[in-house]
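Contents: one structure, followed by commentary.
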Amino acid sequence: MACFWGPDSLFGATLGVVATRVGYSGGKKPNPSYRDLGDHTEAIAIEYDPNVINYNGLLELFWSHHDPTAKCKRQYTSLIFYHDDEQKALAEKSLKEKQGKYKNPIVTEIIPASTFYDAEDYHQKYRLQGHSSLCKDIGLEGNGRLIKESFLAARLNGYVVGMGGIAQFEKELPSLGLDEKTADYVRRLVVKYEGHGMTC
């Protein structure tokens with residue numbers, strides 16, 4: 001899905017997603033980094049509640065938010081990682097259903113999940129970290145582990161770029177624990193960027 005910042009915002013604001021992390025996977029080089037990626041691809045690890053969203057729902061978001069025919073260097077190529085036979089079958093079925101719906105051939109690969117290496121802290125919840133005052137207000141400023149693992153950080157990382165939309169934000173707001181000043185700050189961003197699509 002190209003650069004991992006966009007998918008991190010998209011999936012982070014998706015109902016049923018509990019947590020997200022960005023990182024590097026799919027290659028053989030040990031301990032990759034952004035400056036020394038080797039044969040890995042930028043990827044996103046998603047924890048989700050299957051009672052709210054299932055694997056097929058995640059696949060549909062994957063297909064509908066990027067161009068699976070775009071030929072990119074390995075860093076940004078289109079990949080689906082599967083963790084078990086059921087996920088593999090569902091991913092292969094979704095790929096088969098998408099074949100022929102594009103002018104150019106789909107380049108997406110479906111491969112077994114391998115070691116996932118967390119990206120550097122500055123990549124985690126990148127869009128949220130661009131709002132340092134917001135991070136400070138919610139107690140996440142300078143805390144790489146919490147930024148990476150926090151449900152609230154995942155949600156706000158999407159909302160600050162309009163993902164999820166204002167109706168979803170307002171419905172979910174009571175459970176987010178934000179004070180009114182912070183909520184209003186996020187609300188203005190959701191309204192400003194809703195509908196702008198996924199950007200890196």
Query raised in the report: What tally of residues in the range 1-57 results from selecting those that are under 17 Å from the mean Cα position of the chain (by Cα) and in a strand (DSSP E or B)?
Result: 17
Report summary line: Taking the range 141-200 and keeping only residues that are among the hydrophobic types (A, V, I, L, M, F, W, C), touching a residue at least 60 places away in the same chain (Cβ under 8 Å) and more than 15 Å from GLN129 (Cβ to Cβ), one is left with PHE151, MET163, MET198
Query raised in the report: Do we have ASP49 as surrounded by 19 or more Cβ atoms within 10 Å (Cβ to Cβ), in contact with a strand residue (DSSP E or B) (Cβ under 7 Å, 6 or more places away or on another chain) and of a type outside the set (Phe, Trp, Tyr) here?
Result: no
Query raised in the report: Only one of (1) in contact with a helix residue (DSSP H, G or I) (Cβ under 6 Å, 6 or more places away or on another chain); (2) free of Cβ contacts under 8 Å to residues at least 60 places away in the same chain fails for GLN99. Which number is that?
Result: (1)
Report summary line: When restricted to GLY12, GLY27, the only residue surrounded by fewer than 22 Cβ atoms within 10 Å (Cβ to Cβ) and either within 16 Å of MET163 (Cβ to Cβ) or not aliphatic (A, V, I, L, M) (or both) is GLY27
Query - Filter result for the condition that a residue is surrounded by 13 or more Cβ atoms within 10 Å (Cβ to Cβ), under 26 Å from ASP36 (Cβ atoms) and either of a type outside the set (Asp, Glu) or free of Cβ contacts under 8 Å to residues at least 40 places away in the same chain (or both), over ILE138, ILE111 - result: ILE111
**Report entry** Candidate set: the range 30-46, residues that are of a type outside the set (D, E, K, R) and in contact with a Gly (Cβ under 8 Å, 6 or more places away or on another chain); chosen: the one surrounded by the fewest Cβ atoms within 10 Å (Cβ to Cβ)
**Finding:** GLY38
Report task. Give the residues of the range 165-200 that are farther than 23 Å from GLU141 by Cβ and touching a Gly at 6+ places or on another chain (Cβ under 7 Å), sorted by residue number. Result -> GLU194, GLY195, HIS196, MET198, THR199, CYS200
Query raised in the report: Among (1) out of contact with any Lys or Arg (no Cβ under 9 Å at 6 or more places or on another chain); (2) not in a loop (DSSP other than H, G, I, E, B), where does TRP63 come up short?
Result: (1)
Query raised in the report: Quick check, is ILE147 modelled with pLDDT under 95, of a type in the set (Val, Ile, Thr) and in a helix (DSSP H, G or I)?
Result: yes
Query - Complete set of residues in the range 73-84 that are closer than 10 Å to PRO112 by Cβ and either of a type in the set (Lys, Arg) or surrounded by fewer than 18 Cβ atoms within 10 Å (Cβ to Cβ) (or both) - result: TYR82, HIS83, ASP84
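The values are calculated or read from the model by the stated rules, or taken from the named source; none is laboratory data. In this text, all values refer to a predicted model and were calculated from it rather than measured experimentally. Cβ sites come from the backbone with ideal geometry, for glycine too, and all protein chains shown count toward neighbours.
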